[in-house]
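Comments concern the structure below.
The values are calculated or read from the model by the stated rules, or taken from the named source; none is laboratory data. A quick note: this is a predicted structure, and the numbers were derived from the prediction, not measured. Cβ placement follows ideal geometry from the backbone for every residue including glycine, while neighbour counts extend to all protein chains displayed.
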Amino acid sequence: MDRGQQANHDSRRTTPDGRANQSYEMDAPSPFRVEPLTDFSRAEARRAMDAALAQVAAQLGTTYFPIINDQAVSTAATFDSLNPSHCKQIVGRCGRSSVEQANAAVAAAKAAFPAWRNTEAAQRADYLFQAAQVMRRRRFELAAWQVYECGKPRREADADVAESIDYCEFYGREMLRLAQPRRRDVPGEENSYFYEPRGVTVVIAPWNFPMAILCGMSAAALVTGNTVVMKPAEQSAVIGAKLMEVFQEAELPPGVVAYLPGIGEEIGPVLVDHPDVAMIAFTGSRGVGLHINRQAAEVRPEQQLIKRVLAELGGKNAIIIDDDADMDEAVHGVAASAFGYAGQKCSACSRVIVLESLHDAFVARLIEATRSLKLAPAEDPGCTVGPVIDADAHQRIRDTIEKGKNEGRLVYAGDAGALKDEGYYIAPHIFAGVAAEASIAQEEIFGPVLAVLRARDLDRALEIANGTPYALTGGLFSRSPENIARVKREFRVGNLYINRKITGALVDRQPFGGFKMSGIGSKAGGPDYLLQFVLPRTITENTLRRGFAPDVGAAELEF
Ligand code: NDP
């Protein structure tokens, strides 16, 4: 209870039939505050992380089966999750959930739904506050799993756990706000407007924010009263299992959340197509997201509801460098945004649009700054770039670099050196002289590859910046108040950052998400997010009763 954010966790009570006790008691939580990041300049923090890495190293190779109705169920097959920094190392084996198990997970979630829907909002919020406490206690260990399974550098892994905590704390408080019915009573008539959960929610997550995204979507669904089937990405299925442990430690009731590791192409369509699924919360690639959106729109004969799809997709994010930009800040901001976590963030910068007069000097400085970034295994405390996630990504990015050589001038090609044989390493690459229509300036790469585009003036820079099908993040480095004001108006992206890096959005402070091909739905960690998981209802009661119901037995009413 280190932040005074906690509610009273001992007061969780339900009636025997599973319905919420009407007087669930919880102290009002303190206002939301972002969880501080670990300060790794402190020796004790470094020691704690080293100890967690050693502790987790001793557990690598464990098998994790699906968990349905609070029970682990064995599977006929498993798949291995590998450490991208040392690709021969197995981080864990995960059960390859079958179609029958996917159906069983939905059935369990459906059975658990009525009681969970009727559980008081404050009580559901309290479960999230409890989950946040568990994550605080296991913070370094959870970060260590990310270092091994997803090749996340220590600081980034720590930030991902902090973000997971933030989602639980923030959505818990948001639910308390939403739970207050809106009243519009007039004499003789009571009007109440309130929200109910939708039902069984399938959460399908990517690997790049392995805990935060899975946790954020699941926490939002759970706290609003939906039951959840969690399908983590294959590459981060062990971290999915760790999140499940967190929810179990928080004592969420059986059936309310299921952990379903498996192959997306095998069990994804079963979950999306299932007639008892009310909602799909997806974060991942544009291709898969559009496919899910299409599939969910099909209505099967036995289906009783229209499914809702929430899809947070990719980006082709640009930073504009104005001709009066502070070069030190701009170079640092672009390098951090483009190459942090090897460019594998949906918010990462993959295009930098530089105004003519600054172009050559900027590119020269950017190359030097990029050269100084350390490519290393993720557990190395000095690592900033790290490996890419797996062999497929490695091959895809290498192919993109080859294609880029026909589309621009390769002005910097980092070398992975001896690390090449150890894991999936690709050092940063920078292309200059790239045309706005070139594929490396239009398609998401999701790796440490940056395209530099030249613009004669701010008009053209804005035209290039807005000229892709995506609208996720964007940035500007400028010292001109007039240009800053114009870019704020005209650079149409979900999250725009001025004079800072464009990654690292914080819950509540910078609600995150885009539009156009970057997604459907409102922003994670923002004030409208939970509304997507609920159905509004209005109840009107005429209170001008004419007399009272007669106080007679049923027999006396027979004529
Ligand atoms: P994918 O789209 O490949 O996978 C995402 C999830 O979908 C995985 O769990 C995957 O399972 C599953 N899946 C795959 N095929 C199907 C299917 N047919 N039906 C249902 N589910 C399926 O994305 P990545 O994991 O590679 O993540 C990277 C992408 O995510 C990038 O495009 C990135 O921009 C985007 N992203 C967007 C964010 C945002 O907020 N806008 C945030 C973070 C990432 P499996 O792993 O088994 O294949």
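Output the residues belonging to the stretch 66-77 that are surrounded by 17 or more Cβ atoms within 10 Å (Cβ to Cβ) and more than 24 Å from residue 226 (Cβ to Cβ).
75
Look through the stretch 410-429, keep the residues that are part of a loop (DSSP other than H, G, I, E, B) and free of Cβ contacts under 8 Å to residues at least 60 places away in the same chain, and return whichever of them is surrounded by the most Cβ atoms within 10 Å (Cβ to Cβ).
The selected residue is 425.
Please go through the stretch 64-94 and pick out each residue that is under 24 Å from residue 388 (Cα atoms) and out of contact with any Asp or Glu (no Cβ under 9 Å at 6 or more places or on another chain).
Scanning the stretch 64-94 gives 64, 78, 80, 89.
For the stretch 309-326, which residues satisfy the criterion of being closer than 30 Å to residue 377 by Cα and outside any loop (DSSP other than H, G, I, E, B)?
Once the filter is applied, which keeps residues that are closer than 30 Å to residue 377 by Cα and outside any loop (DSSP other than H, G, I, E, B), the stretch 309-326 yields 312, 317, 318, 319.
Restricting to the stretch 502-516, name every residue that is within 10 Å of the ligand (Cβ to nearest atom) and part of a loop (DSSP other than H, G, I, E, B).
If the condition is that a residue be within 10 Å of the ligand (Cβ to nearest atom) and part of a loop (DSSP other than H, G, I, E, B), then 505, 513, 514 are the ones that fit.
Any chance you could count how many residues in the stretch 36-60 are surrounded by 12 or more Cβ atoms within 10 Å (Cβ to Cβ) and not basic (Lys, Arg)?
So the answer is 15.
Determine, yes or no, whether residue 212 is under 16 Å from the mean Cα position of the chain (by Cα), more than 30 Å from residue 376 (Cα to Cα) and either at pLDDT 95 or above or surrounded by 24 or more Cβ atoms within 10 Å (Cβ to Cβ) (or both).
Considered against the rule, which asks whether it is under 16 Å from the mean Cα position of the chain (by Cα), more than 30 Å from residue 376 (Cα to Cα) and either at pLDDT 95 or above or surrounded by 24 or more Cβ atoms within 10 Å (Cβ to Cβ) (or both), residue 212 comes out as no.
For the stretch 300-327, which positions are without any contact (Cβ under 8 Å) to a residue 40 or more places away in the chain and within 16 Å of the ligand (Cβ to nearest atom)?
Correct list: 307 only.
Would you tally the residues in the stretch 463-484 being under 24 Å from the mean Cα position of the chain (by Cα) and β-branched (Val, Ile, Thr)?
Residues meeting the conditions: 2.
Which of the residues spanning the stretch 154-186 are among the acidic types (Asp, Glu) and outside any loop (DSSP other than H, G, I, E, B)?
If the condition is that a residue be among the acidic types (Asp, Glu) and outside any loop (DSSP other than H, G, I, E, B), then 156, 158, 160, 163, 166, 169, 174 are the ones that fit.
Can you go through 85, 81, 11, 23 and tell me which one is at pLDDT below 95, small (Gly, Ala, Ser) and surrounded by 14 or more Cβ atoms within 10 Å (Cβ to Cβ)?
11
Residues are listed down the side, and each one gets a yes or a no for (1) among the aliphatic types (A, V, I, L, M); (2) not in a loop (DSSP other than H, G, I, E, B):
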position: 76; (1), (2): yes, no
position: 79; (1), (2): no, yes
position: 89; (1), (2): no, yes
position: 102; (1), (2): yes, yes
position: 105; (1), (2): yes, yes
position: 128; (1), (2): yes, yes
position: 146; (1), (2): no, yes
position: 149; (1), (2): no, yes
position: 152; (1), (2): no, no
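Restricting attention to the stretch 333-370, report how many residues are within 30 Å of the chain's Cα centre (by Cα) and part of a helix (DSSP H, G or I).
Total meeting the criteria: 14.
So, residue 460, is that one over 28 Å from the mean Cα position of the chain (by Cα) and either among the aliphatic types (A, V, I, L, M) or surrounded by fewer than 22 Cβ atoms within 10 Å (Cβ to Cβ) (or both) or not?
yes
Can you tell me which residues in the stretch 393-409 are surrounded by 13 or more Cβ atoms within 10 Å (Cβ to Cβ), of a type outside the set (A, V, I, L, M, F, W, C) and within 16 Å of the ligand (Cβ to nearest atom)?
394, 396, 400
Filter the stretch 348-370 down to residues that are under 28 Å from residue 389 (Cα atoms) and buried (at least 24 other Cβ atoms within 10 Å of the Cβ), then give me how many there are.
Result for the stretch 348-370: 7.
Among the residues of the stretch 461-501, how many are among the charged types (D, E, K, R) and part of a helix (DSSP H, G or I)?
Matching residues across the stretch 461-501 total 6.
Where in the stretch 191-299 are there helices (runs of 4 or more DSSP H), lying wholly inside it, with at least 3 residues that are within 28 Å of residue 154 (Cβ to Cβ) and more than 10 Å from the ligand (Cβ to nearest atom)?
Hits in the stretch 191-299: 212-223, 237-249.
Before we move on, is residue 234 acidic (Asp, Glu), in contact with a Gly (Cβ under 9 Å, 6 or more places away or on another chain), under 22 Å from residue 291 (Cβ atoms) and modelled with pLDDT of 95 or more?
Yes.
Which numbered condition in (1) buried (at least 24 other Cβ atoms within 10 Å of the Cβ); (2) part of a helix (DSSP H, G or I); (3) within 16 Å of the ligand (Cβ to nearest atom) is the only one that residue 330 fails?
Evaluating residue 330 over (1) buried (at least 24 other Cβ atoms within 10 Å of the Cβ); (2) part of a helix (DSSP H, G or I); (3) within 16 Å of the ligand (Cβ to nearest atom) leaves (3) as the failure.
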